[in-house]
Amino acid sequence: MNSPFEPVLDGLTRQRGVRASLIVSEKDGLVVDSKVRFGEQGDRLAALAASIFRKARLSARAAHLGAVSFLQLDAERGRICAVRRDDLVLVVVADAAANVGLIRVELLKALEQIQ
Amino acid sequence: MTDEITRWSEELARDPSSRVFLQLGDALRRKGQLDVAFKIAQRGVERHPNDPEGHDLLAHIAIARGDLARAGQAWEAVLRVAPDHAGAMKGLGYVCFQQRRFDDAERYLAQAAQNGAGRDVIAALETVRSRSATDTIATEDIAQSVDSRRLFADLLVDAGQTALLLDTEGYVLGGVYLDPDGTDVAEGVGAHLTGISEEVHRAMRRLDMGAWKSIVFETQVAVVAMAPAPSDALLIVAASRATPLGLLRRLMGQCSERVVEWMATNGRGTANGHRPGSRQ
């Protein structure tokens with residue numbers, strides 16, 4: 001079955017250095033749709049991304065900083081970038097050396113396509 | 001919002017004397033287009049020098065740009081045309097607080113409270129009074145170790161910059177977290193970030209991504225960065241949205257060094273945090 005999110009995820013996964021792209025429900029951390037390379041743990045990534053995004057959003061609200069528009073987690077061997085629309089969090093997992101500026105632009109563009 | 005910005009821009013182009021500059025400037029500010037927002041507000045104020053809301057808008061944009069002095073001038077202009085403007089008093093309280101003019105900050109905030117400003121002003125007033133008292137204590141007893149609330153004070157040079165150190169349970173170890181109104185919301189922020197460091201650490205290990213180095217998120221008005229600190233603490237640094245990410249990372253690095261020094265010299269650990277809901 002073709003998912004309505006497939007073109008969005010395909011577009012993101014084609015970016016250089018991107019290992020996985022997922023659409024996740026922020027509320028429960030479940031995967032709505034995903035494109036992950038063999039070996040990537042989609043469910044675990046989804047749960048983590050949803051949890052961090054929720055914490056960031058709630059802390060931003062507590063500090064009266066407005067809505068969170070972009071989130072980036074950097075680790076030694078990779079990075080996770082995420083944006084949100086309504087309850088859906090669009091997540092990209094990339095190599096540590098990937099161009100995060102480009103990924104950010106593509107994520108924000110992709111967000112416009114999610115209804 | 002983009003449609004509205006287009007509509008307001010067209011309206012202002014048709015009629016440069018329109019007061020729609022207020023909505024347009026504010027919308028651009030919220031979108032982070034601060035330079036354009038500032039120009040529009042400045043032109044609006046030139047055309048409507050007696051409109052307090054124009055000066056107020058200019059002040060808010062100046063704050064977002066990190067220009068504390070310009071914001072102060074704009075709010076003073078508000079009070080010249082509308083002496084009872086509670087928002088301007090609140091704004092000047094924030095500016096004075098950031099400039100460490102605690103007496104002036106207290107005076108402005110007290111005036112704002114008298115003129116019907118919200119409950120947040122009362123909290124801000126308490127913060128100013130406690131900060132002022134803290135400064136007095138520090139002056140009287142320099143030999144005493146650095147007050148934890150002022151841990152990063154000398155590193156935070158621009159308006160909107162704030163830094164906070166939390167322990168593993170989200171309790172405040174040091175620093176403050178000031179919201180755009182100058183209120184210390186450290187405990188609320190800490191409560192929502194409880195356990196994030198441990199959670200990310202555990203997930204990174206299971207995902208074979210190595211140690212986590214930082215989490216950065218952008219909001220409508222700020223950029224916030226978090227990084228692991230010694231003793232499983234969490235360092236949080238925030239700055240205005242106009243702050244380049246490279247500069248934020250540099251500030252984060254300086255704050256991290258400060259944490260290491262402070263923990264080493266004060267023997268601080270996670271046990272010294274205070275619970276959300278209690279004041280230091």
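None of the figures in this text is laboratory data; all of them are computed from the coordinates on show. No experiment lies behind these values; they were computed from the predicted model shown. FYI the Cβ positions are ideal-geometry reconstructions off the backbone, even for glycines, and counts take in every protein chain you see.
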**Asked** What is the set of long-range amide H partners of A:Ala96 at a cut-off below 5 Å, with H atoms built 1.01 Å from backbone N?
**Response** A:Gly78, A:Arg79
**Entries in A:Lys27/B:Lys213; A:Lys27/B:Lys39; A:Lys55/B:Lys39; B:Lys90/B:Lys213; A:Lys55/B:Lys90; B:Lys39/B:Lys213 that, when Cα-Cα distance is taken, lie over 31 Å** = A:Lys27/B:Lys39; A:Lys55/B:Lys39; B:Lys90/B:Lys213; B:Lys39/B:Lys213
**Request:** Work out the length of the dipole vector of the range A:6-113 about its Cα centre, built from +1 on the beta-carbon of each Lys and Arg and -1 on the beta-carbon of each Asp and Glu, and round it to the nearest 20 debye.
**Result:** 280 debye
**Fill in**
In whole Hz, the Karplus estimates of ³J(HN,Hα) for the range A:47-60 (6.51, -1.76, 1.60; θ = phi - 60°; x where Gly or Pro) are 4, 5, 4, 5, 5, 5, 4, 5, 5, 4, 5, 5, 5, 5
**Prompt:** Residue-wise, which Karplus ³J(HN,Hα) couplings in Hz belong to the range B:4-13, taking 6.51 cos²θ - 1.76 cosθ + 1.60, θ = phi - 60°, and x for glycine or proline?
**Reply:** 5, 4, 4, 4, 5, 4, 5, 5, 5, 5
